[in-house]
Amino acid sequence: MKLTIPSTTTMHLVAFLCLFSIWLLSPSVNASWGDQHPVFQNYRRHCLNMNCSTDAKLTRFNTRQPLSMRLLGWDCSSECTYESMWHLTHKALEEVERVPQFYGKWPFVRFMGMQEPASCIFSILNGAVAVYMLSRFRRQVPSNAPMYEAWHGYFAVQINTWVWSTVFHFRDVTWTEKMDYISAFSLIVSGMLMFILRVFSMKGNTINMKVAVPTVTPIAMFFLSHAFYLGFTKFSYSYNLKVNLTFAIVSSVAWLLWSIIVRSRQPYVWKVALSILSGNLLTLLEVFDFPPVWWVFDAHSIWHGGTAPLAFVFYSFVIDDCLYLYEEYKKTPDYRRKGV
Ligand SMILES: [Zn+2]
């Protein structure tokens, strides 16, 4: 199946505008007033005082709290936060008909200890797609095909990212949030690195280190320094978002441009163009944020839900591209010399 690309410039213009508009609007994304509201703060203070302020009260709380919830990190303080959140939410709906956000998030109904059930389940789904497509990749692509090992690294980054996304949406605490953000950035960076390796560094079925080392090393070093900054220096949402979007814009435009240039020789590249373009359009949901439908589905969770089918398309491109490179490699003297 061949995608008819309407216009080369339109495609990247759309992708660029989507991401650039998010880049511009990003400082307002994390604004929240619920946790600053006196009703929330007073209710929470009272709850903490009544349930968590002495050893005897904590013991009483622990005997009432199911063990499974305690193991999932729902301690006395976080239970008070959860109760206070709903107290203010109901009050705000009655009085001002607005849904408050708390610590940058909407209120969600907890399900089986999951703080954000939809995002959590969709993250598991994305991880499952990555595992399934990795097994398909290994079945369909010969192990001596170009980029075989490099894509394994990419799949590992993907699976790691979805593990941490699941953990974070299951329980949002400081360290799970940092791991989610850092691994999400690793996913974006790996997309850029794969582009460099695929387009500029392939020589036969091996990676040309003379090209790969000077291009990949500075990006990898930046990733490490950014991860260190987020983890140990300052966790800045707006700075992190801008860094992510800058990398995403560059990477998206690069993949799209390449797919347009090679599309007549490699018609399957419509898959990478479609997945990147649709992924960027889905990211717009983060700008047009809305309170969760049924207190379950917010824009972020729908974004996670939407990336799962797109991942099928992207990984399918990965398989097609490796098979294409393998066929090209088979025509080279290097292949015949190795007698594979
Ligand atoms: Zn998420």
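The values are calculated or read from the model by the stated rules, or taken from the named source; none is laboratory data. This one's a predicted model, so the numbers in the text were calculated from it and none came from an experiment. All Cβ positions, even for glycine, are placed from backbone atoms using ideal geometry, and neighbour counts span all protein chains on display.
Some notes on this structure:
- Contacts under 9 angstrom Cβ, first residue in region 99-121 being closer than 17 Å to C80 by Cβ and free of Cβ contacts under 8 Å to residues at least 40 places away in the same chain, partner assigned to a loop (DSSP other than H, G, I, E, B) and more than 16 Å from the ligand (Cβ to nearest atom), 6 or more apart: R110/W74
- The helices (runs of 4 or more DSSP H) found entirely in region 265-340 that carry 2 or more residues being closer than 22 Å to M194 by Cα, out of contact with any strand residue (DSSP E or B) (no Cβ under 9 Å at 6 or more places or on another chain) and not acidic (D, E) are 270-283, 299-330.
- Scanning region 280-300 for residues that are free of Cβ contacts under 8 Å to residues at least 60 places away in the same chain and within 14 Å of the ligand (Cβ to nearest atom) gives L282, L285, A299.
- Among helices (runs of 4 or more DSSP H) entirely within region 116-204, having at least 2 residues that are more than 12 Å from the ligand (Cβ to nearest atom) and in contact with a Gly (Cβ under 8 Å, 6 or more places away or on another chain) singles out 148-170, 174-200.
- Cβ-Cβ under 7 Å pairs, at least 6 apart or on other chains, region 38-64 side in a helix (DSSP H, G or I), far side β-branched (V, I, T): R44/T81
- The residues of region 104-115 that are assigned to a loop (DSSP other than H, G, I, E, B) and either surrounded by 13 or more Cβ atoms within 10 Å (Cβ to Cβ) or modelled with pLDDT of 95 or more (or both), listed by number, are G104, W106, P107, F108, V109, R110, G113, Q115.
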